[in-house]
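To start, the structure itself, in structure tokens.
The values are calculated or read from the model by the stated rules, or taken from the named source; none is laboratory data. The model shown is predicted, which means the values in this text are computed figures rather than measured ones. Neighbour counts run over all protein chains shown; Cβ positions are idealised from the backbone, glycine included. Just the protein is used for accessible areas: all its heavy atoms, side chains included, with ligands, DNA and RNA removed. Shrake-Rupley method; radii C 1.70, N 1.55, O 1.52, S 1.80 Å.
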Amino acid sequence: MARFVPRPPTRRNALRAAALPLGLALPAAPARAADATRARHDASGLATPGVPWLTGVRLRYGTVLQSFAFDESHRCLYALQVVGGGVRLPGEQRAYTHAERVSRGDLCLNRLTFRGVLTGFMVLKGFGHGGAMGVEQHRKGSRLWTEWSAHPVSGYGRGVCWFTFADGRVLGRTSARLTVHTPVPGSTSNSVTLDQSRRRLLLRYKTGGDPRFAVYDLDRFAAGRFKPLADFAQPGADLGLPFQGMTLHGDTLYQLMGSGYSPGNFPEFGGDTYLGRTDWRTRTSHRVFPEQTAAHLSPREPEGLAVRLGDRRLYFGLTHGAPGAMRFSLYSKGLR
């Protein structure tokens, strides 16, 4: 691990350090004694350093990883990133800058082996920012779920969709190969992921600028019946940290928050990355944990969160490297 020369913390980090001691509990309502005991047991793994699984992985473009998901039936990993700058795709009149790709919501979906070897890619034009994704094991093959229909100003999705993977294919948001859903009409910043073990879908969205989570039965959602099992304000949103990923496992919703190192976010003070967990059924025992795994990476920005059922572990991504040549590493922690 690299050694850092301490500098005085900024006012922002000092306030966060004071407000967020290790394993801070933020109960939304009084919890029963059994719930409190279970929460302490469940959360204990989040307070320990992550174990490296993949390190220094390159994607098709040199932009940062946005999110990832496991296809355990086919032993592969899917990862989203924004298309790189200077690329001219088929049918385009010119190449676009990276900033233009961000605002347009143009994503690259990478397929990798469990060893981190790139085996294929797709381009998703006008889909969104790629903050989360999911893989559904279906009788007709794996379905990939992502956000859809990027807002022309923010570049974030206004709905969600699913499709099947085809190496080298370019999909526009009006493609007939998509099955699209707008569960919350008029919402923005839609992100989606799945709990394959319980066949549930987790949606994050914003209305009036406020982020919310909604949990659905996956089969009913896919059939166009959008009555949620739960719908509530995003816990921890008041911390003011960038949202970097989410996943669902049983009754527990996990989220990743934080930003890359910068002059206002010093590595020697641990950065501002946090993992959070919430019981989505009761919204009790919400807890956040400082995440300081691999603090030596630079600029070390948290990106992506997923559960791998095969080993019952929570995986999170950290991006690092020079602009235009970014890599990512995945680390994991045990679940209950």
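So in the stretch 250-267, with the set limited to residues that are assigned to a loop (DSSP other than H, G, I, E, B) and of a type outside the set (Asp, Glu), which one is most open to solvent (accessible area, probe 1.4 Å)?
Of the residues in the stretch 250-267, the ones assigned to a loop (DSSP other than H, G, I, E, B) are 250-251, 258-261, 263-264, 266.
Subset that is of a type outside the set (Asp, Glu): 250, 258-261, 263-264, 266.
Values: Gly250: 2, Gly258: 0, Ser259: 27, Gly260: 17, Tyr261: 37, Pro263: 116, Gly264: 24, Phe266: 18 Å².
Once the filter is applied, the top-ranked residue is Pro263.
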Among the numbered criteria (1) over 28 Å from Glu301 (Cα atoms); (2) over 18 Å from the mean Cα position of the chain (by Cα); (3) in contact (Cβ under 8 Å) with a residue 12 or more places away in the chain, which single criterion is violated by Phe121? (1)
Of the residues Ala95, Ala166, which is small (Gly, Ala, Ser), open to solvent by 10 Å² or more (accessible area, probe 1.4 Å), more than 26 Å from Leu248 (Cα to Cα) and in contact with a Lys or Arg (Cβ under 7 Å, 6 or more places away or on another chain)? Ala95
Of the conditions (1) among the hydrophobic types (A, V, I, L, M, F, W, C); (2) under 16 Å from the mean Cα position of the chain (by Cα); (3) open to solvent by 60 Å² or more (accessible area, probe 1.4 Å), Leu203 satisfies every one except a single condition; which number is it? (3)
Please give the number of the condition Met122 fails out of (1) part of a strand (DSSP E or B); (2) in contact with a Pro (Cβ under 9 Å, 6 or more places away or on another chain); (3) not aromatic (Phe, Trp, Tyr). (2)
Tell me which residues, restricted to the stretch 206-234, are open to solvent by 30 Å² or more (accessible area, probe 1.4 Å), of a type in the set (Gly, Ala, Ser) and touching a strand residue (DSSP E or B) at 6+ places or on another chain (Cβ under 9 Å). Gly209, Ala222, Gly224, Ala233
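Listed here are the residues, each with its yes/no results for (1) under 12 Å from Tyr78 (Cα atoms); (2) open to solvent by less than 40 Å² (accessible area, probe 1.4 Å); (3) of a type in the set (Asp, Glu).
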position	(1), (2), (3)
Arg111	yes, no, no
Phe114	yes, yes, no
Thr119	yes, no, no
Val123	no, yes, no
Val135	yes, yes, no
Leu144	yes, yes, no
Glu147	no, yes, yes
His151	no, no, no
Can you list residue pairs whose Cβ atoms sit under 6 Å apart, with the first residue in the stretch 152-177 being over 20 Å from Val87 (Cα atoms) and the second being open to solvent by 60 Å² or more (accessible area, probe 1.4 Å) and modelled with pLDDT of 95 or more? Count only pairs 6 or more apart in sequence or on different chains. Gly159/Val180; Gly159/Thr182; Cys161/Val180; Phe163/Arg177
Would you confirm whether or not the stretch 277-294 contains a residue that is among the small types (Gly, Ala, Ser) and not in a loop (DSSP other than H, G, I, E, B)? no
Do any residues in the stretch 295-306 that are farther than 8 Å from Gln244 by Cβ have Cβ atoms under 9 Å from those of residues that are among the acidic types (Asp, Glu) and open to solvent by 20 Å² or more (accessible area, probe 1.4 Å), where the two are at least six apart or on different chains, and which pairs are they? Ala295/Glu268
